[in-house]
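*Asks:* Provided herewith is a single structure, encoded as structure tokens, for subsequent inquiry.
Please treat every number below as a calculation from the coordinates, not as lab data. Here the structure is a predicted model, which is why all the values come from computation and not from measurement. Cβ: placed from backbone, ideal geometry, glycine included. Neighbour counts: every protein chain shown.
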Amino acid sequence: MARIGVLTGGGDCPGLNPVIRAVVRRSHMAGHTVIGIKNGWKGMVENDTMPLGLDAVSGILPKGGTILGTSRTNPYKKEGDVEKVKDSFKKMELDALVAVGGQDTLGVAAKLTKDGLPHIVGVPKTIDNDLSSTDYTFGFDTAVNVAMECIDRLHTTAESHHRIIVAEVMGRHAGWIALEAGIAGGADVILIPEIPIDIEEVCSILKKRHGRGKLFSIVVVAEGAQFKEGGMVLQEQKLDSFGHVRLGGIGDALGAEIEKRTGFETRVSVLGHIQRGGSPTAFDRVLGTRFGVKAVELVLNKKFGRMVALSGIKIIDVPLEDAVKALKTADMELYDIAKVFFG
Ligand code: F6P
């Protein structure tokens, strides 16, 4: 009988609990035990666990967040922490570890695989959808649907008041949420981190729209988008343990600039963590479930150092290190489609 650990790290997202449930159910089916590691890599550093029997995962499928808790702890940041992770692996008497996370959490998993902890399998999660080697990460679909609904709501108030509304959505380095929620919500301009903002062009699109009698507009901007002539708008300079700054503020900066240059009354709405909370969509529940089941099957087949992934409609597995090599930025062909509807 094997002992399988499971942890969830980085920003939470809807779909984590379906993965945990699937890992436990599939392991139990094969007669194995699952140990829950609390709060991502922090739990491995601190040897902090909880039992994960069938009862613990009963009823969690529709719940957002993660019953294990999460953190942005990076054991490679503090001297001695990697050794503590390895010690905990032994103390917990684990045979394998399923790490569920994005670029940062799985980056640690890929490094550990090379540094003497080879029995790891990765599961890709992030609302940003920016992990390579998988067509989709779970959490993204829910975030897009939440953002789309918000854009729908902003539309009715923007139209009634003849205003521009700037909707700032998440997306640190990749504009996937802005792009898909923007297309689905009928945005008049979509601005993403991959393409520097040309404020002149944005204003001329909005003026042209006004010119044809449309006195309201919705501008969707990803939090990581930057002006052509300036740097990123930051909330604070402090870096987290993976070296990320806290973003936010581009919506306000953009709204002010649009109002100044066009004279159109403008409001800004920052959707923030609303996009990460709440119940997962059916797509994310199914994807999380398929990923969780496949992760255990990789463990049972001793296929370590791999990450489960979606390719078309199939669940496959890919080398962990390939998945974290480079970020998957937004598809420019999709952006060209979005542009048809600008203005
Ligand atoms: O990585 C996912 C993400 O939601 C990003 O889109 C966003 O920049 C970041 O996490 C926010 O992190 P935090 O929850 O630490 O504020």
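*Asks:* Using the beta-carbon distance between LYS314 and ILE195 and R0 = 30 Å, what value does 1/(1 + (r/R0)^6) give for FRET efficiency, to the nearest 0.05?
*Replies:* The formula returns an efficiency of 0.40 here.
*Asks:* Oh, and also: Starting from the Cα gyration tensor of segment 47-130, take the square roots of the eigenvalues, sort them a ≥ b ≥ c, and report rounded, prolate or oblate (rounded when a/c is under 1.5, otherwise prolate if a/b is larger than b/c, else oblate).
*Replies:* It is oblate, given that a/c is not under 1.5 and a/b is not larger than b/c.
*Asks:* Counting other Cβ atoms within 10 Å, which GluC sites (Glu not before Pro) in segment 1-99 have at most 11 and lie in a DSSP loop?
*Replies:* Values: sites: GLU46, GLU79, GLU83, GLU93; in loops: GLU79, GLU93.
Answer by residue number: GLU79, GLU93.
*Asks:* Given the Cα-Cα distance of THR329 and THR157 and 0.36 nm per residue of separation, how much length would full extension add, in nm?
*Replies:* Result: 58.7 nm gained on full extension.
*Asks:* Moving on. Could you work out how far apart the two model spin labels at ALA282 and ARG3 are, taking each label as a point 7 Å from the Cα in the direction of the beta carbon, and quote it in nm?
*Replies:* Roughly 4.1 nm, to one decimal.
*Asks:* Based on other C-beta atoms within 10 Å, arrange THR113, THR156, THR105 from fewest to most.
*Replies:* Values: THR113 22, THR156 10, THR105 29.
Going from sparsest to densest Cβ surroundings: THR156, THR113, THR105.
*Asks:* Under 26 Å between C-alpha atoms is the cut-off here; go through segment 199-323 and count lysine pairs that meet it, provided they're at least eight residues apart or on different chains.
*Replies:* 12
*Asks:* Sticking with this structure for a sec: Considering only DSSP beta bridges where both residues belong to the chain, give the percentage that are antiparallel (nearest 5).
*Replies:* Once the DSSP bridges in the chain are tallied, antiparallel ones form about 30 percent.
*Asks:* Identify the chymotrypsin sites (Phe, Trp or Tyr not before Pro) of segment 236-343 meeting these criteria: DSSP loop state and at most 13 other C-beta atoms within 10 Å of the C-beta.
*Replies:* Filter output for segment 236-343: PHE341.
*Asks:* Let me ask you something else. Using DSSP to define loop residues, name the GluC sites (Glu not before Pro) in segment 164-259 whose beta-carbon has at most 12 other beta-carbon atoms within 10 Å.
*Replies:* GLU229
*Asks:* Sum up the lysine pairs in segment 59-174 that clear both bars: alpha-carbon distance under 21 Å and a spacing of 8 or more or different chains.
*Replies:* So the count works out to 18.
*Asks:* If you place +1 on the Cβ of every Lys and Arg and -1 on the Cβ of every Asp and Glu, how big does the dipole about the Cα centre of the chain come out, in debye to the nearest 20?
*Replies:* Roughly 740 debye, rounded to the nearest 20.
*Asks:* With an 8 Å cut-off on Cα pairs and a minimum separation of 6 or more residues, tell me the relative contact order of the chain in percent.
*Replies:* Contact order relative to length: 23 percent.
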